[in-house]
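Enquirer: Structure provided below as C-alpha cells; questions to follow.
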C-alpha cells in the first residue's frame, strides 16, 4: 500500500524472483568448445553477469483474468491487480529496456558476438527474457531498470485497479487491506476500479467496473 500511495513500484533483482531458473542460459562458445572463450571476453562476461544480477526487473502480465496469477501473486484472490498505461510507465528515470518474455527451451547465445557488436540490451533480453513453457500463461512483459529497488512512476501511470474475488470490501482486525482502503489511498486520481467475478457455470474469471466510494 505504501508504494501505491506514493506512486512507486518495486523492481526486484533476478535472485528475488519466484523462478529459480531466472537468467539461466547456455553460451554457445563455452558449450561447444570447452573453455575457449578469449580471456578478455571471459572477464567482460563475468563483469556483465555480476552487473545483470543487480538489474531491477518489473514483471507485468497482459491479462487480468488468469486464475493462477491471482492465486500466486494476489494472496489467493484476496489482493488486487494494478493496471498501467505502459507509455507512462516507460517514463521511469533509470529504465534500461523492456520486452515481451519468450517461452520455450533454454536459451543458447553467443556472448562474444553480442559483446563485440555492443548489443548489451539484446543480451539482457536473451538472458532475462526467456522462461520455460510452464510459465507461458503469465503472458509477461518485463521492464528492466539500471538497479533494483523502489522507482517513482508518473502520476498518470496507474489507470485501473482490479479487486480479487475474495478481497473484502471493508477492513477489520483480520483484514490486512480492503477494497475501501485502496480506493481511499487513490482518491481524487483518474483511476477506474473493477471487481473480479466468476462467469456462471464456469471457471472463467471476468470483471465489472465499480464506483469508488471516495
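Enquirer: Can you name the condition, by its number, that residue 151 falls short on among (1) surrounded by 17 or more Cβ atoms within 10 Å (Cβ to Cβ); (2) within 15 Å of residue 66 (Cα to Cα)?
Expert: (2)
Enquirer: Can you tell me which residue among 153, 191 is closer than 24 Å to residue 205 by Cβ and in contact with a strand residue (DSSP E or B) (Cβ under 7 Å, 6 or more places away or on another chain)?
Expert: Working: 153 fails: closer than 24 Å to residue 205 by Cβ.
Sole residue among the options that is closer than 24 Å to residue 205 by Cβ and in contact with a strand residue (DSSP E or B) (Cβ under 7 Å, 6 or more places away or on another chain): 191.
Enquirer: May I pose another question? Hey, among the residues in the range 1-43 that are surrounded by 15 or more Cβ atoms within 10 Å (Cβ to Cβ), in a helix (DSSP H, G or I) and at pLDDT 70 or above, which one's farthest from the chain's Cα centre (by Cα)?
Expert: Looking at residues that are surrounded by 15 or more Cβ atoms within 10 Å (Cβ to Cβ), in a helix (DSSP H, G or I) and at pLDDT 70 or above, I get 4.
Enquirer: May I pose another question? Is one or more of the residues making up the range 191-206 outside any strand (DSSP E or B) and on the phi > 0 side of the Ramachandran plot? Don't jump to the end; show me each part of the working.
Expert: So the first thing to find is which residues in the range 191-206 are outside any strand (DSSP E or B), and the list is 191, 199-204.
The next check asks that each one be on the phi > 0 side of the Ramachandran plot; those that pass are 201.
Yes: the range 191-206 contains one or more residues that are outside any strand (DSSP E or B) and on the phi > 0 side of the Ramachandran plot.
Enquirer: Let me spell it out: the conditions are (1) assigned to a helix (DSSP H, G or I); (2) more than 23 Å from the chain's Cα centre (by Cα); (3) over 20 Å from residue 80 (Cβ atoms), and residue 123 meets all of them except one. Which number is the exception?
Expert: Status for residue 123: all satisfied but (2).
Enquirer: Here's a follow-up. Considering every residue within the range 192-202, establish whether at least one is under 16 Å from residue 80 (Cβ atoms) and either exposed (fewer than 14 other Cβ atoms within 10 Å of the Cβ) or at pLDDT below 95 (or both).
Expert: The first filter runs over the range 192-202 and keeps only residues under 16 Å from residue 80 (Cβ atoms), leaving 192-197.
Of the ones still in play, those that are also either exposed (fewer than 14 other Cβ atoms within 10 Å of the Cβ) or at pLDDT below 95 (or both) are 197.
Among the residues of the range 192-202, at least one is under 16 Å from residue 80 (Cβ atoms) and either exposed (fewer than 14 other Cβ atoms within 10 Å of the Cβ) or at pLDDT below 95 (or both), which makes the answer yes.
Enquirer: Looking only at residues that are touching a helix residue (DSSP H, G or I) at 6+ places or on another chain (Cβ under 7 Å) and modelled with pLDDT of 90 or more in the range 117-141, which one is surrounded by the fewest Cβ atoms within 10 Å (Cβ to Cβ)?
Expert: Our first condition is that a residue be touching a helix residue (DSSP H, G or I) at 6+ places or on another chain (Cβ under 7 Å); within the range 117-141, this holds for 122-124, 127-128, 137-138.
If we keep only those that are modelled with pLDDT of 90 or more as well, we get 137-138.
On the way: 137: 14, 138: 21.
Within the range 117-141, the match that is surrounded by the fewest Cβ atoms within 10 Å (Cβ to Cβ) is 137.
Enquirer: Taking only the range 56-106 into account, find how many residues are in a loop (DSSP other than H, G, I, E, B) and under 24 Å from residue 133 (Cβ atoms). Break it down into steps so the answer makes sense when it comes.
Expert: We begin by selecting, within the range 56-106, every residue in a loop (DSSP other than H, G, I, E, B); these are 62-66, 74-79, 85, 90-94, 101, 104-106.
With under 24 Å from residue 133 (Cβ atoms) added as a condition, the list becomes 62-66, 74, 101, 104-106.
So the count comes out to 10.
Enquirer: On to the next question. Being farther than 15 Å from residue 90 by Cα and either in a loop (DSSP other than H, G, I, E, B) or in contact with a helix residue (DSSP H, G or I) (Cβ under 7 Å, 6 or more places away or on another chain) (or both) is the filter here, so list the residues in the range 151-166 that pass it.
Expert: Restricting attention to the range 151-166, the residues satisfying the condition of being farther than 15 Å from residue 90 by Cα are 160-166.
Passing the criteria: 161, 163, 164, 165, 166.
Enquirer: Considering (1) surrounded by 14 or more Cβ atoms within 10 Å (Cβ to Cβ); (2) without any contact (Cβ under 8 Å) to a residue 12 or more places away in the chain, say which one residue 174 fails and leave the rest.
Expert: With respect to (1) surrounded by 14 or more Cβ atoms within 10 Å (Cβ to Cβ); (2) without any contact (Cβ under 8 Å) to a residue 12 or more places away in the chain, residue 174 is out only on (1).
The values are calculated or read from the model by the stated rules, or taken from the named source; none is laboratory data. All figures in this text were calculated on a predicted structure; none of them were measured in a lab. Here the Cβ is made from the backbone with ideal geometry for all residues, glycine too, and neighbour counts use every protein chain on show.
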